[in-house]
Amino acid sequence: MKRIPLALPLLAVLSLIGSSPCPASPVTGDEPIVGTPCEGCEEVFNGIPDSLTSAARIAPRDYPGEPLRITGTVLRPDGTPAPGTVVYAYHTNAGGIYPEDEDSHSRHGALRGWTVANADGRYRFETIRPGGYPRSTMPQHLHMHVIEPGRCTYYIDDIVFTDDPRLAPERREQYTHGRGGSGVVTPRRDEEGTWIVERDILLGSGIPGYPDPVQGDNGGSEGTGSP
Ligand SMILES: [Fe+2]
């Protein structure tokens, strides 16, 4: 699929959001979430860059850890690409810790980034593979949110890895809520040793209160975002 980098100035993002039920300023931390509370969702807007592109780096190139590339297509409920959708992700370092960001002091830590889906709905993150929390059985994971043009932010299923020993097959259902489609991915390594995963995003899928174009409210699962 051809990739067309799409730079979207922040003002354009804000104007799109401003046409939604969101308040005019989306950086107040009071943004309503579609259908359900979302703990910490205001952090999605904390430190958002002035302009966004369809490919972004989270961990710097020399950051300790195994390189990871995340790609995917953002799709509308009707299956067509959704250009202009902002995709946000954050995660732990290789030791399973959210390192502090001394600039933003975000509760999401320093390893966070934003992309905007291009004309084909494609997005990409370059980062490192996160470690699982210390003294925990929780699998390695990346948290993700979307900001759709004309809507407020909501979180979607975390990315988790099928080759993670903490994600035994019998535990996968526990981490599968269907928000934005499945976040369960099977990583492969490219010739340079970079982990490659694909995480497509199905807008509105499993999101309470999200208007279904055919059936009205689709009534997804309840829950809260987890930082
Ligand atoms: Fe987490």
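So if R0 is 30 Å, what FRET efficiency would His105 and Arg188 give, r being the distance between their Cβ atoms, rounded to the nearest 0.05? Display every interim value, and only then the final one.
Values: r = 36 Å, r/R0 = 1.20.
Using R0 = 30 Å, I get an efficiency of 0.25.
Just grab the label-to-label distance for Thr176 and Asp120, each label 7 Å out from Cα along the Cβ direction, in nm (one decimal).
Placing both labels 7 Å beyond Cα along the Cβ direction yields 2.8 nm.
Pull out the extension gain between Asn46 and Ile97, defined as 0.36 nm times the separation in residues minus the alpha carbon to alpha carbon distance; nm, one decimal. Write out the running numbers ahead of the final one.
Details: separation 51, 0.36 × 51 = 18.36 nm, distance 1.96 nm.
In short, 16.4 nm is gained.
Can you sort Ser205, Ser136 by how many other beta carbons sit within 10 Å, fewest first? Intermediate results must be reported in sequence, preceding the final value.
Working: Ser205 18, Ser136 9.
By the 10 Å Cβ count, ascending, the order reads Ser136, Ser205.
A short reminder: the numbers here are calculations on the coordinates, not readings from a lab. If you're wondering where the values come from, they're calculated on a predicted model, not measured in any experiment. No Cβ is skipped: glycine too gets one built from the backbone with ideal geometry, and neighbour counts run over all protein chains shown.
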